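Below is one structure; the comments refer to it alone.
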Amino acid sequence: MFDDLRELYQEVILDHGKSPRNFREIDHAKYHAHGNNPMCGDQLEVFVETDDAGNITDASFLGKGCAISVASASLMTEMLRGKNIDEARKMFEGFHEMCTTGDDNALAGVGQEDADRLQVLSGVSEFPMRVKCATLAWHTMNAATKGEAGISTEDERG
Amino acid sequence: MNATAEAIVNPVFDVEAARRDFPILTREIHGKPLVFLDSAASAQKPRQVIDAERYIYENEYANVHRGIHYLSQICTDRMEAAREKIRAFLNAAKTGEIVFTRNATESINLVAASWGRKFLKAGDEIILSEMEHHSNIIPWQFLRDELGVVLRIAPVTDDGEFRMDAFAELLGERTKLVAITHMSNVLGTIVPVADVVRMAHDAGARVLLDGAQAVTHIPVDVQALDCDFYVFSGHKLYGPSGIGVLYGKEELLEAMPPYMGGGEMIRAVTFEKAEWAELPYKFEAGTPAIAQAVGLGAAVDYMTGLGLDAIGAHEADLLNYATQRLSSIKGLKIIGTAPGKSSVLSFTMDCAHPHDIGTLVDRAGVAIRVGHHCAQPLMDRMCLAATARASFGLYNTRGEVDVLTESLEAVQEFFG
Ligand SMILES: Cc1ncc(COP(=O)(O)O)c(C=O)c1O
């Protein structure tokens with residue numbers, strides 16, 4: 001019945017949605033923020049740890065959400081490790097643009113391997129209501145690295 | 001459509017004939033026939049309502065209450081005739097007790113800003129329930145922050161039943177207002193409002209009922225209920241958006257100051273002072289939603305023509321059938337099972353988040369609502385972030401419930 005949704009819900013997404021990686025807290029993490037998507041009631045917490053040189057040594061998340069937002073968060077925590085904060089933000093920007101525009105070139109500034117992994121979520125660009133699900137963890141990570149306590153995507157109607 | 005779906009035919013209500021009144025129901029979504037199960041958010045419009053609006057624009061439109069020319073007079077007559085229809089629909093004692101607003105939200109804000117500011121003071125208590133829509137919470141929070149009134153919250157059971165015992169305990173000398181929903185938009189619970197009103201009045205409190213959901217499913221008689229205020233929106237009652245209603249008892253409306261200032265609501269103005277117009281115009285500053293009011297009158301005619309009891313029986317049958325069919329889906333939990341509940345069915349599924357459910361069934365042409373339904377405190381109470389909600393209107397069928405069931409089974413397969 002839902003064959004044409006396989007593009008949105010690729011196997012990787014279903015897998016990460018069902019069994020999220022790095023689904024835990026990091027005690028005393030260097031960066032930490034709450035993300036809230038009032039539209040669907042999704043709430044995430046993102047933790048990022050760095051070493052003295054500013055390289056990300058660990059990233060994790062906790063929270064509840066739909067398959068898309070959980071899978072996106074799970075993938076993100078896997079990919080952040082080994083990057084520095086600037087690279088993490090660059091990934092966020094590219095990913096955000098890909099989700100909103102559907103343009104694969106958006107990931108030009110991101111390494112090929114990472115770009116390939118992020119592309120599994122490019123299907124959301126055709127579902128405007130779901131873009132925020134895919135980007136919530138990334139927004140939250142971005143806010144955390146700026147020292148902000150939390151972000152909320154805009155509110156719902158009626 | 002399976003055999004059981006067609007076995008029971010409601011003798012008084014011809015749903016197929018009613019469906020033909022709603023042009024939008026013939027369209028397809030993603031190549032599938034539309035199955036519209038989101039009427040609790042906003043209902044579709046019958047041709048009778050669409051035609052009434054078009055007719056007035058094409059034949060009788062002008063501003064109301066100000067021109068002496070022919071069109072202004074006839075348009076005024078049409079709008080006032082609509083007001084009279086709504087009076088009869090609610091069985092209000094007087095037409096002046098029917099105030100046109102934009103929606104239920106504005107009606108509640110009007111009462112909070114006008115009646116609340118004039119008659120409430122620090123320490124006075126307002127009782128709400130755990131089931132309230134945000135629009136029956138925030139206006140009272142404004143008053144709390146402005147005046148220091150205290151909000152007390154009447155609880156519901158895990159099944160979503162309104163707890164009369166706990167409500168009785170909250171009532172006291174300080175209670176000045178009970179502002180409560182007549183029917184929950186999430187749980188479908190019907191609050192025993194006649195008892196609520198009686199008990200509140202015994203305690204010396206006024207009662208505002210949020211009828212945004214209830215009016216579309218059950219006959220409402222404001223005099224029998226003896227409520228002080230009753231509010232609803234046109235768009236959920238198969239009428240236009242942009243028009244809503246505040247019913248208030250005459251003596252209360254008379255005592256209340258205007259909500260907004262402007263044209264239409266004054267009798268005489270100098271730069272020193274103004275005299276307010278009579279009811280209900282005192283509360284209707286500015287050019288109103290004229291065609292929408294007329295459209296709402298047509299919607300009320302349409303509903304009464306079909307018969308509220310017949311509609312109610314049809315919807316009760318759909319709700320029972322849907323409850324039974326959805327209960328058979330493994331891992332699906334129905335949220336809100338109060339006895340006597342009405343036509344909304346909220347649920348969660350173990351295998352999928354409501355948002356994913358919504359995206360999937362949309363592909364099958366099924367429109368349901370997912371999220372917190374503007375009732376976040378209720379979601380917290382039920383320990384849920386969100387639910388999926390199918391809501392039934394007069395035009396829905398058992399066959400559509402079957403499509404919903406099949407699409408939810410497919411959701412389970414997809415994620416399971
Ligand atoms: C119970 C209840 N109250 C109030 C409202 C607000 O209605 P409106 O947005 O039309 O003002 C709604 C609509 O969702 C509702 O379901």
Can you give me the C-alpha center-to-center distance between the range A:91-158 and the range B:77-156, rounded to a whole angstrom?
41 Å
Across B:172-183, the residue-averaged tally of Cβ atoms belonging to other chains within 10 Å stands at 0
Dividing the helical contributions, -39500 (n - 2.57) per DSSP H run of n ≥ 4, by the residues of chain B yields a 222 nm value, nearest 500 deg cm²/dmol, of -11000 deg cm²/dmol
Per-residue ³J(HN,Hα) for the range B:119-124, Karplus 6.51 cos²θ - 1.76 cosθ + 1.60, θ = phi - 60°, Hz, x for Gly and Pro:
10, 10, 9, 3, x, 5
As I understand it, the value is the acute angle between the Cα axis of helix B:193-202 and the longest principal axis of the Cα atoms of chain B; what does it come to in degrees, rounded to 10?
40 degrees
By how many degrees, between 0 and 90 and to the nearest 10, does the Cα long axis of helix A:131-145 differ from the longest principal axis of chain A?
10 degrees
Sequence-separation-based contact order of chain B, relative, with Cα cut under 8 Å and 6+ spacing, percent:
24 percent
Once you charge only the Cβ atoms, +1 for Lys and Arg and -1 for Asp and Glu, what is the size of the charge dipole of the protein assembly as shown about its Cα centre, to the nearest 20 debye?
980 debye
Projected onto the charge dipole of chain B (+1 at Lys/Arg Cβ, -1 at Asp/Glu Cβ, origin at the Cα centre), which of B:Ile74, B:Ile126, B:Asn185 gives the Cα projection farthest towards the positive end?
B:Ile74
Put in order of increasing Cβ neighbours within 10 Å, starting from the fewest, B:Cys374, B:Cys383 give B:Cys383, B:Cys374
Going by C-beta contacts inside 10 Å, put A:Glu126, B:Glu80 in order with the fewest on the left.
A:Glu126, B:Glu80
Tell me the label-point distance for the pair B:Gln141, B:Ala224, using the 7 Å Cα-to-Cβ offset, in nm and rounded to one decimal.
3.6 nm
Between B:Asp51 and B:Glu406, 0.36 nm times their residue separation minus their Cα-Cα distance comes to what?
124.2 nm
One would report the antiparallel percent of DSSP beta bridges in chain B, rounded to the nearest 5, as 60 percent
In degrees, nearest ten, helix B:354-363 long axis to first principal axis of chain B (Cα)
70 degrees
Chain A, relative contact order [Cα under 8 Å, separation at least 6], %
30 percent
Listed peptides A:69-75, B:141-147, B:225-231 by packing density, highest first (mean Cβ within 10 Å)
A:69-75, B:225-231, B:141-147
State the Cα centre-to-centre distance between the range B:360-416 and the range B:227-268 in whole Å.
33 Å
Among B:Val344, B:Val35, A:Val131, what is the fewest-to-most ranking by other Cβ atoms within 10 Å?
A:Val131, B:Val35, B:Val344
The set of residues whose placed amide H lies less than 5 Å from the amide H of A:Lys64, leaving out same-chain residues fewer than 5 positions away, is A:Gln43
Between B:Arg198 and A:Glu126, how high is the FRET efficiency from 1/(1 + (r/R0)^6) when r is the Cβ-Cβ distance and R₀ = 56 Å? Nearest 0.05.
0.55
5 Å is the cut-off here: which amide hydrogens, built 1.01 Å from N in the peptide plane, fall below it relative to B:Val207, excluding neighbours closer than 5 in sequence?
B:Val178, B:Asp228, B:Phe229
Alpha-carbon centroids, the range B:323-351 and the range B:32-70: separation in whole Å:
34 Å
As a quick test, which of the pairs B:Lys282/B:Lys341; B:Lys85/B:Lys118; A:Lys18/B:Lys330 have an alpha carbon distance above 26 angstrom in this structure?
B:Lys282/B:Lys341; B:Lys85/B:Lys118
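A short reminder: the numbers here are calculations on the coordinates, not readings from a lab. Just so we're clear, the structure is a prediction, and the values are computed from it rather than from any experiment. As a convention, Cβ positions derive from the backbone with ideal geometry for all residues, glycine included, and neighbour counts pool all protein chains shown.
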